[in-house]
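All remarks here apply to the structure that follows.
The values are calculated or read from the model by the stated rules, or taken from the named source; none is laboratory data. Since we're looking at a predicted model, the values are computed, not measured. Here Cβ is always computed from backbone atoms with ideal geometry, including for glycine, and neighbour counts include all displayed protein chains. Accessible surface areas use protein heavy atoms only, side chains included; no ligands, DNA or RNA. Shrake-Rupley method; radii C 1.70, N 1.55, O 1.52, S 1.80 Å.
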Amino acid sequence: MTPLDFGPADEPLHELPHDNLPNGDQADHDAPTFDTGTTIVAVAADEGVVMAADQRASLGGKFTTNKNAEKVSRVHPSAALAISGSVGPAQNLVRSLRAETSLYESRRDERMSMRALSQTAGHLVRGLPVAPILGGVDSEGSHVYELDGGGSVMATDYAAGGSGMQVAYGVLERRFDPGAKLGEATDAAVAAVEAASERDTASGNGVTIATVTAGGVDIEGYDEAGAADGSDAAEEVA
């Protein structure tokens, strides 16, 4: 991987097509086509961001290959990435983002902002068969970004992705509260994944929950009975 040149501190981080677009707009692109068998969600709350994902890995939604897949990973001291799409490119994306945030902090002696992180993620994800959701917290508050393989970066208050996204969005539309506390946001995110798992054959086998605050990223997996599986993915690569 060739490190990105962040340039002097007083210059823009990157000159990307989406840098000056308002929320809701996106870069002109041709995103790759791929199977997104999974359900991932992210919800911005008053004190942080809650991200959730199912734990099933499958072949085209027809055969379950793994019942404890970790689909949410920490990529920054106060940010995480949830991924639907191809596993190999997803793992490489997580590693690359971690390397970029570490390099940025080493060069500037400060953490990368969520705006800078989203731009970097948008640059790295271009052309990959993955559809991530990025959630993080910085001095400006809680942030959620939808990304895709065409390089699109869209800021939002909540998002869902994968083959179960339609059912998940139905739950989030009904339950999202812009002033919600972390506990309420967690309930909404988990309900969205569980509802999708009831109808989407490519989603299921429990829920992974990531709680992202200014203090860090806490990731815990729960089986279908609601019991913690003992895994802590905060330091793992998805």
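General remarks:
Matching residues to (1) over 18 Å from GLY215 (Cβ atoms); (2) over 15 Å from the mean Cα position of the chain (by Cα); (3) surrounded by 23 or more Cβ atoms within 10 Å (Cβ to Cβ):
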position: GLU47; (1), (2), (3): no, yes, no
position: VAL50; (1), (2), (3): no, no, yes
position: PRO77; (1), (2), (3): no, no, no
position: ALA82; (1), (2), (3): yes, no, yes
position: GLY88; (1), (2), (3): yes, yes, no
position: SER113; (1), (2), (3): no, yes, no
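- Residues of the stretch 189-215 classified as in a loop (DSSP other than H, G, I, E, B), surrounded by 22 or more Cβ atoms within 10 Å (Cβ to Cβ) and among the aliphatic types (A, V, I, L, M), total: 1
- Criterion violated by GLY151 - all others in (1) more than 22 Å from VAL50 (Cβ to Cβ); (2) at pLDDT 95 or above satisfied: (2)
- Within the stretch 154-180, being out of contact with any strand residue (DSSP E or B) (no Cβ under 6 Å at 6 or more places or on another chain) and not charged (D, E, K, R) holds for SER163, GLY164, MET165, GLN166, VAL167, GLY170, VAL171, PRO178, GLY179, ALA180.
- Out of SER73, SER106, SER142, SER84, sole residue that is of a type in the set (Gly, Ala, Ser) and modelled with pLDDT under 95: SER84
- Pairs with Cβ under 6 Å, 6+ apart, first in the stretch 162-185 and more than 12 Å from ARG199 (Cα to Cα), second among the hydrophobic types (A, V, I, L, M, F, W, C) and in a helix (DSSP H, G or I): VAL171/ALA191; VAL171/ALA192; VAL171/ALA195; LEU172/ALA192; ARG175/ALA188
Residue by residue, here is whether (1) within 17 Å of the chain's Cα centre (by Cα); (2) among the hydrophobic types (A, V, I, L, M, F, W, C); (3) part of a helix (DSSP H, G or I) holds:
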{"residue": "THR101", "(1), (2), (3)": "yes, no, yes"}
{"residue": "ARG107", "(1), (2), (3)": "no, no, yes"}
{"residue": "LEU128", "(1), (2), (3)": "yes, yes, no"}
{"residue": "GLU146", "(1), (2), (3)": "yes, no, no"}
{"residue": "GLY149", "(1), (2), (3)": "yes, no, no"}
{"residue": "ALA159", "(1), (2), (3)": "yes, yes, no"}
{"residue": "GLY179", "(1), (2), (3)": "no, no, no"}
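- Residue count for the stretch 216-226, restricted to those that are part of a strand (DSSP E or B), open to solvent by 10 Å² or more (accessible area, probe 1.4 Å) and either touching a Leu at 6+ places or on another chain (Cβ under 9 Å) or of a type in the set (A, V, I, L, M, F, W, C) (or both): 1
- Scanning the stretch 155-185 for residues that are open to solvent by less than 40 Å² (accessible area, probe 1.4 Å) and hydrophobic (A, V, I, L, M, F, W, C) turns up ALA155, ALA159, ALA160, ALA168, VAL171, LEU172, ALA180, LEU182, ALA185.
- Selection count where residues are among the charged types (D, E, K, R) and more than 15 Å from ALA52 (Cα to Cα), scope the stretch 67-97: 2
- Tally, over the stretch 55-75, of residues that are open to solvent by less than 40 Å² (accessible area, probe 1.4 Å) and within 13 Å of the chain's Cα centre (by Cα): 4
- The C-beta contact set for the stretch 53-74 (first residue at positive phi, second residue part of a loop (DSSP other than H, G, I, E, B) and open to solvent by 60 Å² or more (accessible area, probe 1.4 Å), distance under 7 angstrom, 6+ apart or interchain) comprises GLY60/ASP35; GLY61/THR201.
- Selection count, the stretch 130-144, where residues are outside any strand (DSSP E or B) and among the hydrophobic types (A, V, I, L, M, F, W, C): 1
Listed here are the residues, each with its yes/no results for (1) on the phi < 0 side of the Ramachandran plot; (2) modelled with pLDDT of 95 or more.
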residue: ALA168; (1), (2): yes, yes
residue: VAL171; (1), (2): yes, yes
residue: ALA185; (1), (2): yes, yes
residue: VAL193; (1), (2): yes, yes
residue: GLY206; (1), (2): no, no
residue: THR213; (1), (2): yes, yes
residue: ASP218; (1), (2): yes, yes
residue: GLU235; (1), (2): yes, no
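- Qualifying residue in the stretch 114-136 (condition: on the phi > 0 side of the Ramachandran plot and free of Cβ contacts under 8 Å to residues at least 60 places away in the same chain): no
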